[in-house]
Amino acid sequence: MRNSYVSYAEATSIYVLWNDIYVVGWEANLQTQKNRVAIVWTNGVAQYLTDGTHYGEARSIYVLGNDVHVVGEDNGVATIWKNGNAQKLIDGYVALSIYISDSDVYVAGYKKNAQENRVAKVWKNGVVQHLTDGTRDAWAYSVYVLDNDTYVAGVEKNAKGEYVAKLWRNGAVQCLADGICNMNNNSLKEAEAYHRLGFAYFEEGNYLQALNAYQKALQLKPNWADVYHNMGNIYRHQGNYSQAMETYQKAVDINPRDPNTYLAIGLVYEKLGNRVKQIEYYQKSARLGSEIGKLSLTMLGYSW
């Protein structure tokens, strides 16, 4: 039997389909328990998603056909419930929003890192993409999908400790609020100068100095996909393929629409002798418009 007296409760999201009204949130009875219980109400009838033995909240809902999808938190883990059945999301603490497009399930939320900074994240069918790198506190509030574009709204702290409204489109970030985003004009110019310096050192074959310059650029302008891409090129030229892959992946997480990074990952797989993955990433590059990717596939006898 559930709580006979609810001390407090909160509704956090609503979805209406035909004549049915779905609401999610949480409730708790301070007289019997301290933990919140995740809940979904269908036309006013409650379904409890957690049992109160640990902390739970439901934050967002999406209904598709006969399936009711709810996201939230269950015992400190981002969770999605489909018709009441829980699935834990990899590398997540709280899920705040859900959207479904062409049977693909998108979830936005965050997880705290070792520095206690929240990292904004979006999941597609359970696969996570990091929107921020964890150097500053951030989280993703809401997700929406249109055609092939994924939009995420959220917030990230800037260098002055101010929280700034953000919009990520396919991982590329845009500041929405007036005023300071992450830096002033002088800082931006300095970051760009370090970026150019890093590339000049790279052209000279001075990889250590190039990496140092790129790191300084990232300190001034975090989440810079081009810099991560260029650092990945250095590691690839050094034969440090595992570090190259890790760094290229950071570039992809920030900007998943850049064909050049997929091409570079394909080159790493070529060096590793993995033809299947090499072709896969060449094809990703070609489909995003890379002429080099298309030519490489043609020379190898593959289509895109």
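Here are a few things to note about the model shown:
- Matching option when the condition is surrounded by 19 or more Cβ atoms within 10 Å (Cβ to Cβ) and either free of Cβ contacts under 8 Å to residues at least 40 places away in the same chain or more than 29 Å from LYS121 (Cβ to Cβ) (or both), among TYR282, TYR302: TYR282
- For ASN66: the one exception among (1) more than 28 Å from ASP133 (Cβ to Cβ); (2) surrounded by 13 or more Cβ atoms within 10 Å (Cβ to Cβ): (2)
- When HIS237, HIS229, HIS195 are checked against the criterion of being in contact (Cβ under 8 Å) with a residue 24 or more places away in the chain and surrounded by fewer than 16 Cβ atoms within 10 Å (Cβ to Cβ), a single residue qualifies: HIS237.
- Which numbered condition ASP147 misses (of (1) in the same structural domain as ILE279 (by TED's automatic domain parsing); (2) surrounded by fewer than 20 Cβ atoms within 10 Å (Cβ to Cβ); (3) modelled with pLDDT under 95; (4) under 19 Å from the mean Cα position of the chain (by Cα)): (1)
- Hey, TYR248 more than 23 Å from the chain's Cα centre (by Cα), surrounded by 15 or more Cβ atoms within 10 Å (Cβ to Cβ), at pLDDT 95 or above and part of a helix (DSSP H, G or I) or not: no
- Of the candidates LYS271, LYS189, the single residue that is closer than 30 Å to LYS160 by Cα and either touching a residue at least 60 places away in the same chain (Cβ under 8 Å) or surrounded by fewer than 17 Cβ atoms within 10 Å (Cβ to Cβ) (or both) is LYS189.
- If you filter region 71-105 down to residues that are among the charged types (D, E, K, R) and surrounded by 12 or more Cβ atoms within 10 Å (Cβ to Cβ), you find that the one that is modelled with the lowest pLDDT is ASP91.
- Residues of region 74-92 classified as closer than 25 Å to ASP20 by Cβ and of a type in the set (Asp, Glu), total: 1
- Test for ALA120: is it under 11 Å from the mean Cα position of the chain (by Cα), surrounded by 17 or more Cβ atoms within 10 Å (Cβ to Cβ) and on the phi < 0 side of the Ramachandran plot: yes
The values are calculated or read from the model by the stated rules, or taken from the named source; none is laboratory data. Just so it is clear, the structure is predicted and the values come from calculations on it, not from any experiment. All Cβ positions, glycine included, derive from the backbone under ideal geometry; neighbour counts span all protein chains shown.
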